[in-house]
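First up is the structure itself, then whatever we jot down about it.
The values are calculated or read from the model by the stated rules, or taken from the named source; none is laboratory data. Owing to the predicted nature of the structure, the values given are computational and were not obtained by experimental measurement. Glycine also receives a Cβ, built like all others from the backbone with ideal geometry; neighbour counts cover every protein chain displayed. Accessible surface areas use protein heavy atoms only, side chains included; no ligands, DNA or RNA. Shrake-Rupley method; radii C 1.70, N 1.55, O 1.52, S 1.80 Å.
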Amino acid sequence: MRLGRSLTIAGAAALVVAGTAVSTPALAYTTEDGFTLDAPSSRVVDPASSLTVTGSGCGNAENPGQVSVALTNDENGSAFSTPVTVDAQADGTWTATLDLSKAIAELGTDPNTDPWYIAAQCMDYSGSLSDTAGEQIIPDGTSFSGEYVITGEAGAQSFEITASGLTPGETATAVLINQADAESADATPAATIGSGSVDSDGNFTGTFPAPSVPDGTYVLRLTGDRYGEGGDSTALITVSGGVYSLTARSDDSDGDDNVITQNDDANAQPVAGDTAATVAVTAPAKASGQELAKTGANGLALSILAAGLVTCGAVLLHTRRHA
């Protein structure tokens, strides 16, 4: 039997979702039948670019396999982009490159509308289909930049904050983080400065009264609620006797640096909505080993189209919680 015939996966399922964070990079999702899709090094990807994904567990030297890779953002599973099909190596490993700009245009959906998944499935020489593995990505091709100014006299100071490169329509929030906690992306804020909506061009502007906080040294952090895009103040913010001022982080930097520097996107996670999902389709019904809160359920029908055979199988779309 020759490989390369068209592939359709269809069915109805329950969607199990939870809303904290997807997995860290450099991990992989392995289906129950051993097919693996590696998580991308960064989930934030430029929607105008191509994305190369890798995996393993597709056939072997005696029973070679092919992998079909496609893009979807339809939670009802009614649409996939035209898949890219590649031959797996003799050891079952594989690499495929998907043109995201073409795939997103084909699906006709705003790249800022989440969730998006890369989906992959293996078919071996005998025609057997693996479960379909999925990893969530965040299409975003803009670079964040920001600035702030502290104005006013003691007891009546304000923060004037501007930023660009955010996602239109999301909510951006500025907080103060204790310096000792600033290396943590999940640090509990010492105080909230203020929040507001990002405009249609991805810009944010806000003026907020300086919050009352204990004397100490802080970092200003501005983040959007789509996946935490944003950054931290380059200078430290010192509060003494209730009065705000800026302090250089090191001897070779300026103490009056008002820049908000973009944080690393490599560990970016969706922070709102359905960010973890396991989808089991038709027979055999499968469940994820993840302990996720069941916050919703939707019927799901998934189709991946390649060139040749039409069949049915089980599908799992999976994004893990951030460790």
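Observations, loosely collected:
- Stretchable slack from residue 102 to residue 201, in nm (0.36 nm times residue separation minus alpha-carbon distance): 33.4 nm
- Shape call, the range 136-184: gyration tensor on alpha carbons, a/c limit 1.5: oblate
- Between residue 181 and residue 264, the contour length at 0.36 nm per residue exceeds the alpha carbon distance by 28.3 nm.
- Estimated distance in nm for a label pair at residue 171 and residue 257, the labels positioned 7 Å out from Cα along Cα-to-Cβ: 3.1
- Per-q log10 I(q)/I(0), the range 56-215, q = 0.09, 0.15, 0.18 Å⁻¹ (Debye; single scatterer per alpha-carbon; no solvent): -0.52, -0.89, -1.07
- Cα-based shape type of the range 130-254, given that a ≥ b ≥ c are square roots of the gyration tensor eigenvalues and the cut on a/c is 1.5: prolate
- Gyration tensor (alpha-carbon) shape descriptor, the range 121-202, a/c threshold 1.5: prolate
- Distance (nanometres) between label positions extended 7 Å along Cα→Cβ at residue 149 and residue 247: 2.5
- Approximating the spin labels as points 7 Å out from Cα along Cα→Cβ, the residue 125-to-residue 33 distance works out to 1.8 nm.
- Simple point charges give the picture: +1 on the Cβ of Lys and Arg, -1 on the Cβ of Asp and Glu, and for the range 97-199 a dipole about the Cα centre of about 60 debye.
- Reduced Cα scattering model of the range 65-131, Debye log10 I(q)/I(0), q = 0.20, 0.27, 0.29 Å⁻¹: -0.80, -1.15, -1.26
- If R0 is taken as 56 Å, the Cβ-Cβ distance between residue 192 and residue 89 corresponds to a FRET efficiency of 0.65.
- Rolling a 1.4 Å probe across the protein heavy atoms gives the range 104-182 an accessible surface of 36 Å² per residue.
- For the range 119-125, 3J(HN,Hα) computed residue by residue from phi via the Karplus equation (6.51, -1.76, 1.60; θ = phi - 60°) reads 10, 9, 9, 9, 10, 8, 4 Hz, glycine and proline entered as x.
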